[in-house]
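Where a number appears in this text, it was derived from the coordinates with a stated rule and is not lab data. All values derive from a computational prediction rather than experimental measurement. Here the Cβ is made from the backbone with ideal geometry for all residues, glycine too, and neighbour counts use every protein chain on show.
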Amino acid sequence: VERERLGGDCTWTGCVPSKTLLSAANAAHAARSATRFGISVGSVEVDYQAVRKRVADIVEKIYTEDDSPEALKALNIDTASGMARFLDPRTVEITDNAGQSRVVSANAGVIIASGAMPSVPKIDGLESVPYITYEQVFSLEELPTAMTIVGGGPIGCELGQAFSRLGAQVTIVAPKLLPALDAAAGEAMEALLGAEGVRIVRARASSVAADGSTHTLRCLAGEGDGISVTGDCLLVATGRVPRVSGMDLKKIGVSLNSKKGIAVDAQLRTGCAGVYAAGDCTGDQQFTHYAGFQGGVAARNLLLPLKSAGVSAQVPGCTFTSPEVAHIGMTEAAARAEFGDDNVQVIFRRLLSVDRAICTGQNEHGFFQLVLKKDDTIIGATIMAPPAGELISEISLAMHKKMKLSDLIFVMHAYPTFSLPLQVMGSTLYYNKLKKSSKLLSILKKIGL
């Protein structure tokens with residue numbers, strides 16, 4: 001049952017259109033930067049209407065092949081269009097856009113996967129100023145001249161870089177960039193975007209006013225400090241909140257958690273027997289792959305006598321800027337807070353010295369940071385590199401198998417690749433420990449052991 005469009009945010013206003021837009025922006029940037037490789041391409045012009053059409057075409061293609069009623073029917077999945085509300089734990093009433101209603105009953109149970117929606121902060125005057133969120137940004141008919149983005153998370157950084165590379169003047173207003181990640185990620189992202197001409201205003205949006213077709217955003221950077229930002233397109237990108245209203249959840253005993261999402265246990269069961277919840281609506285980490293994983297686990301637990309865990313702290317994520325920023329597990333700060341400084345070690349390597357990055361001219365911005373326990377077990381990682389989204393899968397597998405960084409020494413990596421630094425970092429850690437034990441090894445050798 002879907003009240004809007006099958007496929008949800010990811011297909012229509014999230015993953016698919018944003019990565020398609022980014023691919024166009026990256027192509028424009030590569031063309032402009034070609035001279036440093038000895039390639040001359042002349043003037044680079046962006047046909048924004050052609051870019052828009054390509055985005056729409058790819059969205060439609062993926063929708064048709066993966067998410068449409070016909071695609072789901074081929075998998076023996078029936079669909080219904082409309083808003084669903086619970087009549088009882090096994091029965092929902094579905095009301096379509098024409099106001100027509102019908103009642104559907106479940107034999108085994110119900111899984112709620114209602115997703116999330118844009119979070120709009122309290123900014124004085126915002127209600128009287130035209131603004132957009134990620135839900136409308138891909139429908140912009142013209143490329144903005146000056147785009148103001150409120151919010152420095154993954155959405156703000158991705159769209160900020162995309163529109164800047166397409167030719168807009170972009171200003172991002174946020175206290176810091178990528179605030180949920182290790183500090184090194186936010187600092188590197190600020191340096192990257194700044195080098196590309198994106199203006200970063202480290203402040204909090206306080207008020208906004210319209211002046212014809214433009215806006216002026218007032219920002220507070222500290223006590224009494226005020227900064228004004230003017231533009232012709234205001235994008236609010238301050239995160240997403242669970243979509244939980246209109247379903248009569250309280251009626252069946254389904255409660256919310258502290259993140260205003262549907263409260264579930266480790267098996268994704270709500271407080272109502274036979275009703276499960278999965279994905280963004282729970283207020284947990286908001287990733288399509290995590291939602292899909294949880295949906296599968298919830299279905300298994302509902303239909304089979306299984307108690308599989310559907311909640312995990314080891315969820316990989318990626319911000320698809322160029323270079324990408326991927327992460328998994330604990331940040332350095334979280335690890336030190338939980339285990340103590342003496343029981344945590346951090347291994348850091350900049351992309352500057354990575355041969356593959358040097359060859360491709362992509363070594364200026366980026367790093368590898370691994371967070372380890374005292375025994376070298378990997379408990380977190382942040383990677384900023386062109387293929388960071390792919391590289392994080394190796395760390396994800398290592399963490400799943402509770403591997404130590406030193407275990408990667410014996411996993412041969414090809415040269416020159418972006419993944420080789422992971423093996424090198426393990427080797428460095430290993431040999432540093434050998435140095436500390438050199439005296440002991442010398443004594444053991446002398447006595448024949």
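Report, ordered by chain and residue number, the aspartates and glutamates lying within cross-link reach of Lys435, taken as a straight Cα distance under 19 Å and ignoring same-chain residues fewer than 8 apart.
Qualifying aspartates and glutamates at Cα under 19 Å: Asp375, Asp376, Asp407.
Kindly flag which residue pairs out of Lys373/Lys401; Lys19/Lys122; Lys374/Lys402 have an alpha-carbon separation exceeding 21 Å in this structure.
Details: Lys373/Lys401 15 Å; Lys19/Lys122 29 Å; Lys374/Lys402 14 Å.
The pairs that break the limit, which is 21 Å between Cα atoms, are Lys19/Lys122.
Using modelled backbone amide H atoms (1.01 Å from N, in-plane), which distant-in-sequence or interchain residues come within less than 5 Å of Leu87's amide H?
Amide H neighbours of Leu87: Val92, Glu93.
Rounded, prolate or oblate: which fits region 90-166, taking a ≥ b ≥ c as square roots of the Cα gyration tensor eigenvalues, rounded meaning a/c under 1.5, else prolate when a/b beats b/c? Show your work: numbers first, answer last.
Working: a/c = 2.65, a/b = 2.34, b/c = 1.13.
Verdict is prolate for region 90-166.
Work through the residues other than Tyr134 whose Cβ is under 12 Å from its Cβ and net out their charges, Lys, Arg +1 and Asp, Glu -1.
Numbers: positive: Arg240; negative: Asp9, Glu135, Glu158.
Cβ neighbours under 12 Å give a net charge of -2.
On a C-alpha basis, how far is the centre of region 310-331 from the centre of region 1-67 in Å? Whole number, if you could?
So the two Cα centres are separated by 22 Å.
Which residue, Ala209, Ala108, Ala191, tops the fluctuation ranking in a GNM of the chain built on C-alpha contacts under 10 Å?
Ala108
Do the sum for the chain: with -39,500 (n - 2.57) for every DSSP H run of n ≥ 4, divided by all residues, what is the mean residue ellipticity at 222 nm, to the nearest 500 deg cm²/dmol? Write out the running numbers ahead of the final one.
On the way: 12 runs with 138 residues, N = 449.
Mean residue ellipticity, 222 nm, calculated: -9500 deg cm²/dmol.
Picking from Phe37, Pro386, Pro130, whose Cα lies most toward the positive end of the charge dipole for the chain (charges on Cβ: Lys, Arg +1; Asp, Glu -1)?
Positive-end residue among those listed: Pro386.
Can you spot the lysines whose alpha carbon is less than 26 Å from Lys73's alpha carbon? Ignore those fewer than 8 places along the same chain.
Result set, ordered by chain and number: Lys61.
How much net charge surrounds Ser18 when only the other residues with a Cβ under 11 Å from the Cβ of Ser18 are counted, with Lys and Arg +1 and Asp and Glu -1?
Numbers: positive: Lys19; negative: Asp9, Glu158.
Local net charge: -1.
Once you mark the GluC sites (Glu not before Pro) that are in a DSSP loop and have at most 11 other Cβ atoms within 10 Å, what is the longest gap between them in the chain?
Working: sites that count: Glu45, Glu141, Glu142, Glu223.
It runs 224-449.
Would you please give the residues with an amide H less than 5 Å from that of Leu268, counting only those at least 5 places away or on a separate chain, with H modeled from the backbone geometry?
So Leu268 has HN proximity to Gly310.
Compute the signed sum of charges (Lys and Arg +1, Asp and Glu -1) over the other residues within less than 13 Å, Cβ to Cβ, of Gln169. Can you show the working numbers first?
Details: positive: Arg165, Arg199; negative: Glu196, Asp232.
The answer is 0.
Please label the shape of region 317-438 as rounded, prolate or oblate, based on the square roots a ≥ b ≥ c of the eigenvalues of the alpha-carbon gyration tensor (a/c under 1.5 means rounded; beyond that, a/b larger than b/c means prolate, else oblate). Show your work: numbers first, answer last.
Numbers: a/c = 1.76, a/b = 1.28, b/c = 1.37.
Because a/c hits 1.5 or more and a/b fails to exceed b/c, region 317-438 counts as oblate.
Which one, Asn76, Asn257, Asn301, has the greatest fluctuation when you compute a Gaussian network model over the chain with C-alpha springs under 10 angstrom?
Highest fluctuation of the listed residues: Asn76.
What are the residues whose amide H is under 5 Å from the amide H of Met330, where those residues sit 5 or more places off or on another chain and H is modelled from the backbone?
Here the answer is Gly380, Ala381, since their amide H atoms fall under 5 Å of that of Met330.
Under the Karplus relation 6.51 cos²θ - 1.76 cosθ + 1.60, θ = phi - 60°, what is the ordered set of whole-Hz ³J(HN,Hα) values for region 271-281, x standing for Gly and Pro?
x, 10, 4, x, 10, 10, 9, 9, x, 4, 5
Count neighbours as other Cβ atoms within 10 Å of each site's Cβ, and list the trypsin sites (Lys or Arg not before Pro) in region 83-138 that are DSSP loop with at most 14 such neighbours. List each step's numbers first, then the result.
Numbers: sites: Arg85, Arg90, Arg102, Lys122; in loops: Arg90, Lys122.
Sites meeting the loop and neighbour criteria: Lys122.
Let me spell out the model: positive unit charges on the Cβ of Lys and Arg, negative unit charges on the Cβ of Asp and Glu, origin at the Cα centre of the chain. What dipole size does that give, in debye rounded to 20?
1780
Mind running the shape call on the chain? Use the C-alpha gyration tensor, a ≥ b ≥ c as the square roots of the eigenvalues: rounded below 1.5 for a/c, prolate if a/b tops b/c, oblate otherwise.
Numbers: a/c = 1.79, a/b = 1.19, b/c = 1.51.
Because a/c hits 1.5 or more and a/b fails to exceed b/c, the chain counts as oblate.
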